[in-house]
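**Q** The structure's right below; bear with me while I get my questions together.
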Amino acid sequence: MCNTYRYRINLRPAAIALIAAASLGLSATGWSAPKPKTKDQFPLIGRSAQIDTAFPYYKDRSPESIASELRVNRYRVVHDVVTNENAIDPALIAALHHEKIGVWYVTFGNGAYNTDPLPPGWEKWSMALRGDFAGTPVHDGFNRLCLNNPEYRKWKKKQISETLRRIPFDGVEIVESHWPEYPGRFTASYGCFCESCHTAFQAMYPDETRFPDIIHSASAQSPERNPVLWRKWLKFREASVAGYLNDLVNGPDGVRKTVPSAKVSVWALTLTGPDALKRMREDCGEDAADIAKTVHPDLLGLQTNWPDWSRAELKPSYADQLMPFVSAVRSVAPTMPLLIQADTGSTRANLRSRSWIKAFEKECSKIGVGSTTYYSYEASGLMYEAPRIAEATRTGRNIEVVFNKRVDPATSDPKHYTLDRGKVTATAIDGNIVKLTTDAEGEKAASVTARSVANMPKLLLFPEHPAAILNRQTIHIDRQAAP
Ligand SMILES: [Zn+2]
């Protein structure tokens, strides 16, 4: 997520690392309680998309239109990326359920973008980063909170359980619980060196009284001069991530106890290339297999890391190169459902098309990974493609035309629609749905044709894109077409 939007967090370290290397020269609501739900009421495994409803694409339209759009794109599972728990619309979750779509509540493990839900004094939970000590503090819009801070943990557990009780999500997905940050200790956001971490480090290694010194290479505590201390530190970081997630999920007041009906998913970062497993363990403190073994989630997500997703030339078959992570998890949890997450539009360079996404999904299926998702639906390359009608259904003189994406109201007046019998006399638009009213003869129409209907680039992440236009499409009324 870049600085303007949350597209997306793990891009930022690249810039930070460059700055660090260059400038430091260091060697270094009013909603009533939902009805009790049965555990497997809606699907949570399979092909899916992440949505972030804070963005304009989802504004000024009904929850039903959002849900219908996801349904006609054949999603049975949605991951709702929540950055402000106070702003969740329960009506959207209800609308998705009405379409028989299961919904994950996606929450960030290692901090917050939006501070609204945080209590007064939350700043004390902040991570202490390399940049704080090296004179290059990090201000990138993301508030990193320490996994080892007992108060943060307590609050995070409460936030998750209260949200699941208040909003009828089907499960919680805790993402990005890694330590900052790839590519490692020379990054300004590398951490954490806070008091809570110091206490936890000493509890794990009572003989060690000091952190490694990653700024002064001549220090007796530098990784070069004290590799034993450094190895302990790396082990400590891994244990902290797995311990944090285990506590949130299985610990006292953890989600398994407070909301036992909710499914739980946890994620770990991945990387392609040599020594990828080692790099993720050492740079981010994440060992996907250890997390799987320790936490026992219902779904283990493998998140594509920014050095991979930001490559313009990345092929959808790159999922194959994540096999070391898949195999490592399978070696300790052979039947655990797995998910791979791609990024399909956080930057101009990685706007992935519908066919790219399909190929990615196919590749994951080929390697036996049963769930896929991508960040994020409203930011993906497919949004910049021309709309298509997915279905048209009739009730008397009214015909509801459902598009596979939001369409421009300026291209949705009656002159854009014709029938094989009768006439369209009026239209009304709700996001991706255009409601046609016909004359009496139109009640007998068998097909509807749309002409020159545009998407809405001005609502997208890169609004300078020209409108993409559906030139002409005819669909039988009451029929559904491929998205
Ligand atoms: Zn800390």
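**Q** How many residues does the range 73-100 contain that are assigned to a helix (DSSP H, G or I) and crowded, with 23+ Cβ neighbours inside 10 Å? First the steps, then the outcome.
**A** Step one: list which residues in the range 73-100 are assigned to a helix (DSSP H, G or I), which gives 85-87, 90-98.
Within this subset, residues satisfying the condition of being crowded, with 23+ Cβ neighbours inside 10 Å are 93, 96.
Qualifying residue count for the region: 2.
**Q** A further question follows. Which condition number does Trp233 fail, the rest of (1) more than 14 Å from the ligand (Cβ to nearest atom); (2) over 19 Å from Phe108 (Cα atoms) being met?
**A** It fails just one condition, (1).
**Q** Could you tell me whether any residue of the range 244-260 is among the β-branched types (Val, Ile, Thr), open to solvent by 20 Å² or more (accessible area, probe 1.4 Å), in a helix (DSSP H, G or I) and away from the ligand (no atom under 15 Å from the Cβ)? Explain how you work it out, then say what you get.
**A** Narrowing the range 244-260 to residues among the β-branched types (Val, Ile, Thr): 249, 255, 258-259.
Of the ones still in play, those that are also open to solvent by 20 Å² or more (accessible area, probe 1.4 Å) are 258.
So of that shortlist, the ones also in a helix (DSSP H, G or I) come out as 258.
Imposing the further condition that a residue be away from the ligand (no atom under 15 Å from the Cβ) reduces the set to 258.
Within the range 244-260, one or more residues are among the β-branched types (Val, Ile, Thr), open to solvent by 20 Å² or more (accessible area, probe 1.4 Å), in a helix (DSSP H, G or I) and away from the ligand (no atom under 15 Å from the Cβ).
Every residue, every condition in (1) more than 11 Å from the ligand (Cβ to nearest atom); (2) not polar (S, T, N, Q), yes or no:
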site: Asn114; (1), (2): yes, no
site: Leu118; (1), (2): yes, yes
site: His139; (1), (2): yes, yes
site: Leu145; (1), (2): no, yes
site: Glu151; (1), (2): yes, yes
site: Arg165; (1), (2): yes, yes
site: His178; (1), (2): yes, yes
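One line per residue, one yes/no per condition, for (1) basic (Lys, Arg); (2) assigned to a strand (DSSP E or B); (3) within 30 Å of Thr347 (Cβ to Cβ):
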position	(1), (2), (3)
Glu400	no, yes, no
Arg421	yes, no, no
Thr425	no, yes, no
Arg451	yes, yes, no
Pro463	no, no, yes
Thr474	no, yes, no
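**Q** Could you please tell me which pairs satisfy a Cβ distance under 6 Å, a separation of 6+ or placement on different chains, a first residue in the range 380-393 that is over 18 Å from Phe360 (Cα atoms), and a second residue that is among the acidic types (Asp, Glu) and surrounded by fewer than 24 Cβ atoms within 10 Å (Cβ to Cβ)?
**A** Here the result reads Thr393/Glu400; Thr393/Asp478, each pair linking the range 380-393 to a residue that is among the acidic types (Asp, Glu) and surrounded by fewer than 24 Cβ atoms within 10 Å (Cβ to Cβ).
**Q** Now a separate question. Can you name every residue in the range 158-204 that is basic (Lys, Arg) and open to solvent by less than 10 Å² (accessible area, probe 1.4 Å)?
**A** none
**Q** Is at least one residue of the range 101-114 open to solvent by 40 Å² or more (accessible area, probe 1.4 Å), at pLDDT 95 or above and in contact with a strand residue (DSSP E or B) (Cβ under 7 Å, 6 or more places away or on another chain)?
**A** No: zero hits.
**Q** Further question: Find the residue count for the range 127-138, including only residues that are in contact with a helix residue (DSSP H, G or I) (Cβ under 9 Å, 6 or more places away or on another chain) and open to solvent by 20 Å² or more (accessible area, probe 1.4 Å).
**A** Residues of the range 127-138 in contact with a helix residue (DSSP H, G or I) (Cβ under 9 Å, 6 or more places away or on another chain): 127-128, 130-131, 134-138.
Still in the list and also open to solvent by 20 Å² or more (accessible area, probe 1.4 Å): 134-138.
Total satisfying the criteria: 5.
**Q** Could you check the range 302-313 and list, in sequence order, the residues that are open to solvent by 10 Å² or more (accessible area, probe 1.4 Å) and touching a Ser or Thr at 6+ places or on another chain (Cβ under 9 Å)? Steps first, please.
**A** The initial filter retains those residues of the range 302-313 that are open to solvent by 10 Å² or more (accessible area, probe 1.4 Å), namely 306-307, 310-313.
Within the range 302-313, Trp306, Pro307, Ser310, Ala312 qualify.
**Q** For Gly191, indicate whether it is modelled with pLDDT of 95 or more, within 16 Å of the ligand (Cβ to nearest atom) and either over 23 Å from Lys293 (Cα atoms) or touching a Ser or Thr at 6+ places or on another chain (Cβ under 6 Å) (or both). Reasoning before the result, please.
**A** Details: modelled with pLDDT of 95 or more: yes; within 16 Å of the ligand (Cβ to nearest atom): yes; either over 23 Å from Lys293 (Cα atoms) or touching a Ser or Thr at 6+ places or on another chain (Cβ under 6 Å) (or both): yes.
For Gly191, the condition - modelled with pLDDT of 95 or more, within 16 Å of the ligand (Cβ to nearest atom) and either over 23 Å from Lys293 (Cα atoms) or touching a Ser or Thr at 6+ places or on another chain (Cβ under 6 Å) (or both) - is met.
**Q** Here's something else I'd like to know. What are the pairs, 6+ residues apart or on separate chains, where a residue within the range 184-213 that is among the charged types (D, E, K, R) has its Cβ under 6 Å from a residue that is open to solvent by 30 Å² or more (accessible area, probe 1.4 Å) and more than 15 Å from the ligand (Cβ to nearest atom)?
**A** Pairs that qualify, where the first residue is among the charged types (D, E, K, R) and the partner is open to solvent by 30 Å² or more (accessible area, probe 1.4 Å) and more than 15 Å from the ligand (Cβ to nearest atom), are Arg210/Gln221; Asp213/Gln221.
**Q** Looking at Ser365, Ser355, Ser412, which one is more than 24 Å from Leu44 (Cβ to Cβ), open to solvent by 50 Å² or more (accessible area, probe 1.4 Å) and of a type in the set (Ser, Thr, Tyr)?
**A** Details: Ser365 fails: more than 24 Å from Leu44 (Cβ to Cβ); Ser412 fails: open to solvent by 50 Å² or more (accessible area, probe 1.4 Å).
Checking each option against the conditions leaves just Ser355.
**Q** With open to solvent by 40 Å² or more (accessible area, probe 1.4 Å), in a loop (DSSP other than H, G, I, E, B), within 16 Å of the ligand (Cβ to nearest atom) and closer than 28 Å to Pro137 by Cβ as the only criterion, which of Arg210, Arg225 stands out? Give the derivation first.
**A** On the way: Arg225 fails: within 16 Å of the ligand (Cβ to nearest atom).
The conditions single out Arg210.
**Q** Still on this structure, I have one more. Go over the candidates Ala481, Ala467 one by one and state the one that is within 29 Å of Ala342 (Cα to Cα), open to solvent by 40 Å² or more (accessible area, probe 1.4 Å) and hydrophobic (A, V, I, L, M, F, W, C). Outline the logic, then answer.
**A** Details: Ala481 fails: open to solvent by 40 Å² or more (accessible area, probe 1.4 Å).
After applying the criteria, what remains is Ala467.
The values are calculated or read from the model by the stated rules, or taken from the named source; none is laboratory data. This one's a predicted model, so the numbers in the text were calculated from it and none came from an experiment. Every residue, glycine as well, gets a Cβ built from its backbone with ideal geometry; the counts of neighbours run over all protein chains shown. With ligands, DNA and RNA removed, areas are computed over all heavy atoms of the protein, side chains included. Shrake-Rupley method; radii C 1.70, N 1.55, O 1.52, S 1.80 Å.
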